[in-house]
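Chemist: One structure, as structure tokens, below. Some questions next.
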Amino acid sequence: MSDLKNVQPLSDFNWDEFENGSSVNVSKEDLEKAYDETLNKVSEHQVVDGTVISIDKKEVVVNIGYKSDGIIPASEFRYNPDLKVGDTVEVYVENQEDKKGQLLLSHKKARLSKSWERVNAALANEEVIQGYIKCRTKGGMIVDVFGIEAFLPGSQIDVHPIRDYDVFVGKTMEFKVVKINQEFRNVVVSHKALIEAELEAQKREIISKLEKGQILEGTVKNITSYGVFVDLGGVDGLIHITDLSWGRVSDPHEVVSLDQKINVVILDFDNEKKRIALGLKQLTPHPWDALDPNLKVGDHVKGKVVVIADYGAFVEIAPGVEGLIHVSEMSWSQHLRSAQEFMHVGDEVEAVILTLDREERKMSLGIKQLKEDPWETIEIKYPIGSKHTAKVRNFTNFGIFVELEEGVDGLIHISDLSWTKKVKHPSEFTQVGADIDVIVLEIDKENRRLSLGHKQLEDNPWDTYETIYTSGSIHNGKITEIMDKGAVIALDEGGEGFATPKHLVKEDGSQAQLGEELPFKVIEFVKETKRIILSHSRTFEDVKDEPKKVSRNKKAKKEETPTINNVAAGTTLGDIDALAELKAKMEKGE
């Protein structure tokens, strides 16, 4: 009741009009007009300011001083998560009254109508603005800035390389407009630009306190094929791959991992370019300094092949301690070969120390020394006259180089391939890679070469031919080759002879042809030069001349008279012998 006592009547209320009822006569139209005049005048499709009066997950209710409040989807305010009741916001009047009598507003359209001017102003004034990261795109992110979709390159998100872009989607962050394409209305923004200036000041301060040889703790922030970037607390340094370990490193991931905290030593730095060279291996002693002091030339060591080239292989016998096995120290063989034929990267090998220079930190190794040099006892294993099977390695015009075992080579001269066949080139006789039986003829220990023979494995058929192909004897043969100077004839007994063109004339006057089989008379046999001279024409010419020769020598007995070869075909050693024998018999008869 006490509250009622304090209620005071309106001082300007006209009780007389109320009592007389005159106020009741005011028209409804007048009342509506008077009511409307108390509200804001709002036109459709204009941008006005409004006040947020309520917020929920779906809608934001805004009062613009109109007879009804407007409703805006909450999604239009995602860029501004700090929105609260009482904030003033720009809205675009879509419709004063829809079918439900509801005022329709849009915050997005209001922003768009002024956004381009605001974005350009932000670029000109280097203003810091807020934006909502909507989604990922190729090379970066899409950011809502004043309702405009701007591009945020991946390199401009942070000063550190970003490994997971998705964690930024849905976040509201501060940006600077760094580029605008007026023609295509493209906007590029950067978050990195906001913190670079601050970081530059921090870097200058940190670098000013750096000293070579200083040891600092850092965090691995990025690993590349050429090295590791380490965050030293506001400034980055690079550990080159060669400074990660005293041993060879093919992939920095073998040594460090992302976000790992490590101690590093400062090797060098550049104040102007703000480059800092760091080292990790320098925190441990050099492996050569820790190498066993008793290690010496001749000792056997084991290690892993880390690098291989045509000229040799580098073997790591301890991390950071490597020795070179030259290809010439891989085998006793004299042949030029590639190191890849003997070993591969990753192979575990045993070797002998050949040279050791601790000051220069160099070591040469050998693996052939693990085996005995075959030439030390060559006379025992390959004595003269011994028979072996060798492998054909290569040809020359004068013979065949063969290998009896690794490191033991020999030459078969072309003249020692066959007793009978005249070999023009070794490729006619065998092929590279084939096996061939040989006999040791000579040993040249100083030059590490053996003289070998192949034909010596068989008896010399010319010893037999000497009794078969006597001068004047007739044999069947086949013409196997025809040249300008004559033809090669393969005789039935195995020998091979030669006949000049005039000795190839047949009885009918025609010339013998390739492949024909005919009788041939031996007109010359020379064992030393392995030469058999034949004639087909003599087989019928000598028969015709025989009666004439007999008539000239009536006093001689027919059975004792030897046949004299046709002198017209040219005097031979056989002719001279026959004449001498005839003369002797005639003198004896007298």
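Chemist: Tell me which residues, restricted to region 53-70, are within 29 Å of K171 (Cα to Cα) and open to solvent by less than 50 Å² (accessible area, probe 1.4 Å).
Modeler: First pass over region 53-70, keeping only residues within 29 Å of K171 (Cα to Cα): 53-63, 70.
Matches in region 53-70: S54, V60, V61, V62, G70.
Chemist: Name the residue that is most open to solvent (accessible area, probe 1.4 Å), counting only residues in region 416-445 that are of a type in the set (V, I, T) and touching a Ser or Thr at 6+ places or on another chain (Cβ under 9 Å).
Modeler: Taking region 416-445 as the starting set, the residues that turn out to be of a type in the set (V, I, T) are 420, 423, 430, 432, 436, 438-440, 443.
Narrowing the set further to residues that are touching a Ser or Thr at 6+ places or on another chain (Cβ under 9 Å) leaves 423, 436, 438-440, 443.
On the way: V423: 23, I436: 11, V438: 0, I439: 21, V440: 2, I443: 51 Å².
By that ranking, first place goes to I443.
Chemist: Can you find, within region 446-463, the residue that is modelled with the lowest pLDDT among those that are part of a helix (DSSP H, G or I) and open to solvent by less than 30 Å² (accessible area, probe 1.4 Å)?
Modeler: Just the residues of region 446-463 that are part of a helix (DSSP H, G or I), to begin with: 455-457, 462-463.
Then keep just the ones that are open to solvent by less than 30 Å² (accessible area, probe 1.4 Å); that gives 455, 462.
Numbers: K455: 80, W462: 77.
Of everything passing the filter in region 446-463, W462 is modelled with the lowest pLDDT.
Chemist: Of these, A318, A339, which one is more than 30 Å from V526 (Cβ to Cβ) and more than 26 Å from the chain's Cα centre (by Cα)?
Modeler: A318
Chemist: Give me a count of the residues in region 312-339 that are touching a residue at least 12 places away in the same chain (Cβ under 8 Å), closer than 23 Å to P374 by Cα and not small (G, A, S).
Modeler: The number of residues fulfilling the criteria is 8.
Chemist: Among the residues that make up region 239-260, is at least one of them within 20 Å of R163 (Cβ to Cβ) and touching a Phe, Trp or Tyr at 6+ places or on another chain (Cβ under 7 Å)?
Modeler: Within region 239-260, none of the residues are within 20 Å of R163 (Cβ to Cβ) and touching a Phe, Trp or Tyr at 6+ places or on another chain (Cβ under 7 Å).
Chemist: Filter region 117-172 down to the residues that are under 19 Å from P81 (Cβ atoms) and among the hydroxyl-bearing types (S, T, Y) and list them by number.
Modeler: Passing the criteria: Y132, T172.
Chemist: Still on this structure, I have one more. For region 81-107, name all the residues that are in contact (Cβ under 8 Å) with a residue 24 or more places away in the chain, assigned to a loop (DSSP other than H, G, I, E, B) and either over 60 Å from the mean Cα position of the chain (by Cα) or surrounded by 15 or more Cβ atoms within 10 Å (Cβ to Cβ) (or both).
Modeler: L83, K84, V85, G86, D87, Q96, E97, G101, Q102, listed by residue number.
Chemist: So, one more: Does region 183-196 contain at least one residue that is farther than 30 Å from I266 by Cβ, among the polar types (S, T, N, Q) and surrounded by 11 or more Cβ atoms within 10 Å (Cβ to Cβ)?
Modeler: Checked region 183-196: at least one residue is farther than 30 Å from I266 by Cβ, among the polar types (S, T, N, Q) and surrounded by 11 or more Cβ atoms within 10 Å (Cβ to Cβ).
Chemist: Residues that are acidic (D, E) and surrounded by 13 or more Cβ atoms within 10 Å (Cβ to Cβ): does region 496-514 have at least one? Don't jump to the end; show me each part of the working.
Modeler: Filtering region 496-514 down to residues acidic (D, E) leaves 496, 507-508.
Retained after the next criterion (residues that are surrounded by 13 or more Cβ atoms within 10 Å (Cβ to Cβ)): 496.
Yes, region 496-514 contains at least one residue that is acidic (D, E) and surrounded by 13 or more Cβ atoms within 10 Å (Cβ to Cβ).
Chemist: Tell me, which residue of region 237-252 that is assigned to a strand (DSSP E or B) and in contact (Cβ under 8 Å) with a residue 40 or more places away in the chain is most open to solvent (accessible area, probe 1.4 Å)? Don't jump to the end; show me each part of the working.
Modeler: Quick first cut of region 237-252, residues assigned to a strand (DSSP E or B) only: 237-240.
In the following step, the residues that additionally are in contact (Cβ under 8 Å) with a residue 40 or more places away in the chain were identified as 237-239.
Values: G237: 1, L238: 46, I239: 0 Å².
The residue in question is L238.
Chemist: For the list (1) in contact with a Lys or Arg (Cβ under 6 Å, 6 or more places away or on another chain); (2) open to solvent by 60 Å² or more (accessible area, probe 1.4 Å); (3) assigned to a strand (DSSP E or B), I need the number of the one condition that E466 fails.
Modeler: (3)
Chemist: Of all residues in region 214-235, count the ones that are closer than 18 Å to L267 by Cα and open to solvent by 50 Å² or more (accessible area, probe 1.4 Å).
Modeler: The qualifying residues number 6.
Chemist: What are the residues in region 269-315 that are of a type outside the set (F, W, Y), part of a strand (DSSP E or B) and open to solvent by 50 Å² or more (accessible area, probe 1.4 Å), if any? Talk me through it step by step, then tell me what you get.
Modeler: Step one: of region 269-315, the residues of a type outside the set (F, W, Y) are 270-287, 289-310, 312-313, 315.
From the residues that got through so far, the ones that are part of a strand (DSSP E or B) too are 270, 275-279, 300-309, 312-313, 315.
Result: D270, R275, H300, K302, K304.
Chemist: Among the strands (runs of 3 or more DSSP E) lying completely within region 341-398, list those that include at least 3 residues that are open to solvent by 60 Å² or more (accessible area, probe 1.4 Å). If you could, list the steps in order and put the result at the bottom.
Modeler: On the way: elements: 348-357, 362-366, 387-396.
Passing ranges, in order: 348-357, 387-396.
Chemist: Looking at (1) open to solvent by less than 70 Å² (accessible area, probe 1.4 Å); (2) of a type outside the set (A, V, I, L, M); (3) more than 16 Å from F269 (Cα to Cα), which is the only condition K203 fails?
Modeler: (3)
Chemist: Let me ask another. Which of the residues belonging to region 108-117 are loosely packed, with under 13 Cβ neighbours inside 10 Å and basic (K, R)? I'd like the intermediate steps shown before the answer.
Modeler: Going residue by residue through region 108-117, those that are loosely packed, with under 13 Cβ neighbours inside 10 Å are 117.
Answer for region 108-117, where residues must be loosely packed, with under 13 Cβ neighbours inside 10 Å and basic (K, R): there is none.
Chemist: Go through region 124-161 and count every residue that is open to solvent by 60 Å² or more (accessible area, probe 1.4 Å) and either in contact (Cβ under 8 Å) with a residue 40 or more places away in the chain or basic (K, R) (or both). Walk me through how you get there before you give the answer.
Modeler: Applying the first criterion (open to solvent by 60 Å² or more (accessible area, probe 1.4 Å)) to region 124-161 yields 124-128, 130, 134, 136, 138, 149, 151, 155, 160-161.
Right, trim to either in contact (Cβ under 8 Å) with a residue 40 or more places away in the chain or basic (K, R) (or both) and you get 126-128, 130, 134, 136, 138, 160-161.
The number of residues fulfilling the criteria is 9.
The values are calculated or read from the model by the stated rules, or taken from the named source; none is laboratory data. The shown structure was predicted, so the numbers you read here are calculated from the model rather than taken from an experiment. Methodologically, a virtual Cβ is constructed for each residue, glycine included, from the backbone with ideal geometry; neighbour enumeration extends over all protein chains shown. Calculation scope for accessible area: heavy atoms of the full protein, side chains included, ligands and nucleic acids excluded. Shrake-Rupley method; radii C 1.70, N 1.55, O 1.52, S 1.80 Å.
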